[in-house]
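Contents: one structure, followed by commentary.
The values are calculated or read from the model by the stated rules, or taken from the named source; none is laboratory data. If you're wondering where the values come from, they're calculated on a predicted model, not measured in any experiment. Counting neighbours? That spans all protein chains shown, and the Cβs are built from the backbone with ideal geometry, glycine included.
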Amino acid sequence: MDLVIARPEGLYCPAGDFYIDPWRPVERSVITHAHGDHARTGNQHYLAAAPGEGILRSRLGQDINLQTLAYGERLLHHGVTLSFHPAGHVLGSAQVRLEYGGEVWVASGDYKIEPDGTCAPFEPVRCHTFITESTFGLPIYRWQPQAEIFAEINQWWQANAAVDKTSVLFCYSFGKAQRILHGIDASLGPILTHGAVEPLNRVYRESGVYIPPTIYAGDVKKSDPVMRKALVIAPPSAGGSTWMRRFGDYSDGFASGWMRLRGTRRRRGVDRGFILSDHADWPGLLWAIGQTGAERVMVTHGSVAVLVRHLREQGLDAQGFSTEYGDDEEEATSAEAQSPEVPA
Ligand SMILES: [Zn+2]
Ligand SMILES: [Zn+2]
């Protein structure tokens, strides 16, 4: 019997009678991480890794019925032993390990291999069946070390500041924004943030992750000289909006794994593209899958067909698993678009 099956509500564990990252409201949900397409409102119960509690409550409501487990802590539910293991994707992100009748399954959620200092690094977990994402599951996706990308961002910011131009960097407001803030050289100038970013910065800081001091952009007047030297971190949805009118002369950039694709930057209409992803690249996916020792691999959201074909060629029992997870690199999800722009 399969430990996890696809149901209209989401990935379902029949033995334990719960869902993993359901996309429709259910009684019992197990949440891998707080991105809007994986953690949705309306579930009766939530179970998640403890480091994700602050983010989940800030996004889904302080009053959700949430139980948490430390990474590695085990919970026995209807005979299924469940535990969370770091996925290295965003603060609190976890792979879900399920064990039942000697069978071990791991559902990865979203994951990233390179440790970034803003969340617990990815830990491979041995299993019989591995459910993997495939957001960047094509051989063209091979990330440069993040230090090189941060150096590019620093240089761009410095060059703009030298000619009194504001640097506006668009990125996903949960995870990517904090990773960039953590990784850049904050001594180069003032850092301003959009109202969708600042509440998440606060949760990261409260969790002990170093985020340099930031200024809420809404509090800064257009005439303020601080603008000229500033780096502004804003969600993609702010681009082209009236919110941008507060900046005079500026250069804009976009940080995403999709910047690897020729044409993405131009379509976005931004001056610079920075290739920085919170997901595993092609070698990372293959490495992670290999580390699990799984003979069976279920592939969810992304380049499903290509990864499935490749794994089958390697002799693995691979198949696609249809889900309704979105893409947290591409554009603001509805949840993010709805984030009120309020001072933190
Ligand atoms: Zn995600
Ligand atoms: Zn995802």
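The table that follows gives values for the structure above.
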quantity	calculated
Positions within the stretch 99-145 being more than 15 Å from ligand 2 (Cβ to nearest atom), among the hydroxyl-bearing types (Ser, Thr, Tyr) and under 23 Å from residue 317 (Cβ atoms), in sequence order	100, 129
Check on residue 278, away from ligand 1 (no atom under 16 Å from the Cβ) and among the acidic types (Asp, Glu)	no
Number of positions in the stretch 281-314 that are more than 22 Å from residue 11 (Cα to Cα) and within 16 Å of ligand 1 (Cβ to nearest atom)	2
Segments classed as strands (runs of 3 or more DSSP E), wholly inside the stretch 1-93, with at least 1 members that are more than 15 Å from ligand 2 (Cβ to nearest atom) and surrounded by fewer than 22 Cβ atoms within 10 Å (Cβ to Cβ)	5-7, 10-13, 28-31, 45-49, 66-69, 75-77, 80-86
Count - residues of the stretch 284-305 that are more than 16 Å from ligand 2 (Cβ to nearest atom), out of contact with any helix residue (DSSP H, G or I) (no Cβ under 9 Å at 6 or more places or on another chain) and farther than 17 Å from residue 89 by Cβ	6
Strands (runs of 3 or more DSSP E) within the stretch 238-344 that include 1 or more residues modelled with pLDDT of 95 or more and of a type in the set (Val, Ile, Thr)	296-302
Only one of 189, 218 that is more than 26 Å from residue 54 (Cβ to Cβ), more than 19 Å from the chain's Cα centre (by Cα) and surrounded by fewer than 19 Cβ atoms within 10 Å (Cβ to Cβ)	189
Residue in the stretch 142-149 that is closer than 25 Å to residue 323 by Cβ and within 14 Å of ligand 1 (Cβ to nearest atom) present	no
Meets criteria (β-branched (Val, Ile, Thr), touching a strand residue (DSSP E or B) at 6+ places or on another chain (Cβ under 9 Å) and closer than 23 Å to residue 21 by Cβ) for residue 264	no
Of the criteria (1) farther than 23 Å from residue 12 by Cβ; (2) more than 13 Å from ligand 2 (Cβ to nearest atom), which one residue 329 fails	(2)
